[in-house]
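Novice: This is the structure I have questions about; it appears just below.
Read-outs throughout are calculated quantities, based only on the coordinates presented, and are distinct from any laboratory measurement. Worth saying up front: this structure is predicted, and the values here are computed from it rather than measured. Every residue, glycine as well, gets a Cβ built from its backbone with ideal geometry; the counts of neighbours run over all protein chains shown.
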Amino acid sequence: MKNAKLSEAKNAKNDEFYTQYEDIQREVNAYLEYDPNVFRGKTVLLPCDDPEWSNFTRFFAQNFENFGLKKLISTSFAYESKNFKGAYQLSFFEEEAPQFDESKTKTHGKIFTLTRDSNKSGVIDIDDLEWQYLEGDGDFRSDEVKALRDEADIIITNPPFSLYREFIDWIFEKEKKFIIIGNKNSVTFKEVFPLIMQNKMWSGKTGWGGGMWFETKNPDDVDKVIDGVNMKNVSSVWFSNLEHGKRHEPLQLMTMADNLKFSKHKEIKEYGYQKYDNYDAIEVPFTDAIPSDYNGVMGVPISFLEKYCPEQFEILGTSDNGIIPDEYKTTFGLTQKFVDDYYRAGGKGAYQEGNPTAGLYKKGVATMIYKRIFIRKRAQK
Ligand SMILES: C[S@@+](CC[C@H](N)C(=O)[O-])C[C@H]1O[C@@H](n2cnc3c(N)ncnc32)[C@H](O)[C@@H]1O
């Protein structure tokens, strides 16, 4: 617990994680499979980027013609404004460019645009990017980057973790289409969950399970070195409001009776589906153990969102941040005795307001369940 808190704090100070080319390609393919023309004639904005280090600009520039883009815009954030700076390095874009300006290079963001075959090579690609300094540092909250947002049809990036909530607000101010990367735990933020409940934002196709690997610029925050590159594993996934096919594939599930007999999870076979003390719902600790024939409310892990098909289930709320209508809460609440028993029996982890609890769950020990999403099966038409 302490370690998790510590690394959270460290991550908050380090926004310099760079997404791998293959991860971008794999995710973007999901939208193209659903609609091959998803980017055709569109203006795509890649904010919080840096073509020097980022694969987003490279990927979309290389696929400019293939995707039929109208315009690609990418903006970078000034070196002096970054919360983790590292050693300053003049970008290769600036090195030989006539517009290089020593007085701006560290303090100004840059804008890169791609619309035409500027070098007359016969193809539109990354070598045709044209750039200039922005008026300010490239902060996505600045008026000049907001104007680019307003111009764009689709916004795609891995935004700074430390400003994730603000970034979501920024996108929804204009209800733009987007594909972004966010932390798994961000789904229950009070700024985010209502959007998921209302199907205004959903999980992308890839990234769940095992977290994503990013290139990190902070040498003190490295999990693994691969081919000389410092890599960091972060529990991030993709989110979007663009359609992809996986979202409409219902989960194949067993009935409650079959789960109790045949589930691969011994917890289900041993303890069954327990009713919570403080919510009018049953605990389903694994997405693949959701009983197909249960019509009441169920508490499921947040990783359920990877498999969420809106035609199959409706999302009613989450135990985090009190985002659940009162009608699903029971009057029992959490008694002091329950909490005392829990710790006396050797339970670990701090009690968090709202977490569901399920009586005597594992080995006779009262259990405080980690955050849950509450769902209910939709009536079949
Ligand atoms: C997680 S990194 C991702 C970089 C790139 N989009 C990628 O995925 O490879 C976030 C980037 O946002 C930049 N950044 C931090 N605060 C920002 C702000 N207020 N406005 C714009 N960019 C910001 C950071 O310097 C960093 O380059």
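Novice: Mind listing just one residue for me: the one in the range 127-151 that is within 15 Å of the ligand (Cβ to nearest atom) and among the hydrophobic types (A, V, I, L, M, F, W, C) and, of those, farthest from residue 54 (Cα to Cα)?
Specialist: In this case the residue turns out to be 147.
Novice: I need the full set of residues from the range 13-34 which are over 23 Å from residue 145 (Cβ atoms), near the ligand (Cβ under 10 Å from one of its atoms) and not polar (S, T, N, Q), in order please.
Specialist: 21, 23
Novice: Inside the range 158-194, can you point out the residues that are under 11 Å from the mean Cα position of the chain (by Cα), of a type in the set (A, V, I, L, M, F, W, C) and within 13 Å of the ligand (Cβ to nearest atom)?
Specialist: 161, 179, 180, 181, listed by residue number.
Novice: Are there any pairs, at least 6 apart or on different chains, whose C-beta atoms fall under 6 Å, with the first in the range 93-114 and under 14 Å from residue 134 (Cα atoms) and the second part of a loop (DSSP other than H, G, I, E, B) and more than 16 Å from the ligand (Cβ to nearest atom), and if so, which?
Specialist: Once the first residue is under 14 Å from residue 134 (Cα atoms) and sits in the range 93-114, its partners that are part of a loop (DSSP other than H, G, I, E, B) and more than 16 Å from the ligand (Cβ to nearest atom) give 94/100.
Novice: What are the residues in the range 206-261 that are in contact with a Gly (Cβ under 8 Å, 6 or more places away or on another chain) and crowded, with 18+ Cβ neighbours inside 10 Å, if any?
Specialist: Scanning the range 206-261 gives 217, 218, 234, 236, 237, 238, 239, 240, 244.
Novice: Looking for something out of contact with any Leu (no Cβ under 7 Å at 6 or more places or on another chain), of a type in the set (Ser, Thr, Tyr) and surrounded by fewer than 19 Cβ atoms within 10 Å (Cβ to Cβ) - is there at least one such residue anywhere in the range 34-52?
Specialist: Among the residues of the range 34-52, at least one is out of contact with any Leu (no Cβ under 7 Å at 6 or more places or on another chain), of a type in the set (Ser, Thr, Tyr) and surrounded by fewer than 19 Cβ atoms within 10 Å (Cβ to Cβ), which makes the answer yes.
Novice: So, one more: Could you tell me which residue of the range 262-280 is surrounded by the most Cβ atoms within 10 Å (Cβ to Cβ), considering only residues that are part of a helix (DSSP H, G or I) and free of Cβ contacts under 8 Å to residues at least 24 places away in the same chain?
Specialist: Going through the qualifying residues, I end up with 268.
Novice: For residues that are of a type in the set (A, V, I, L, M) and near the ligand (Cβ under 9 Å from one of its atoms), scanning just the range 35-85, find the one that is nearest to residue 166 (Cα to Cα).
Specialist: 46
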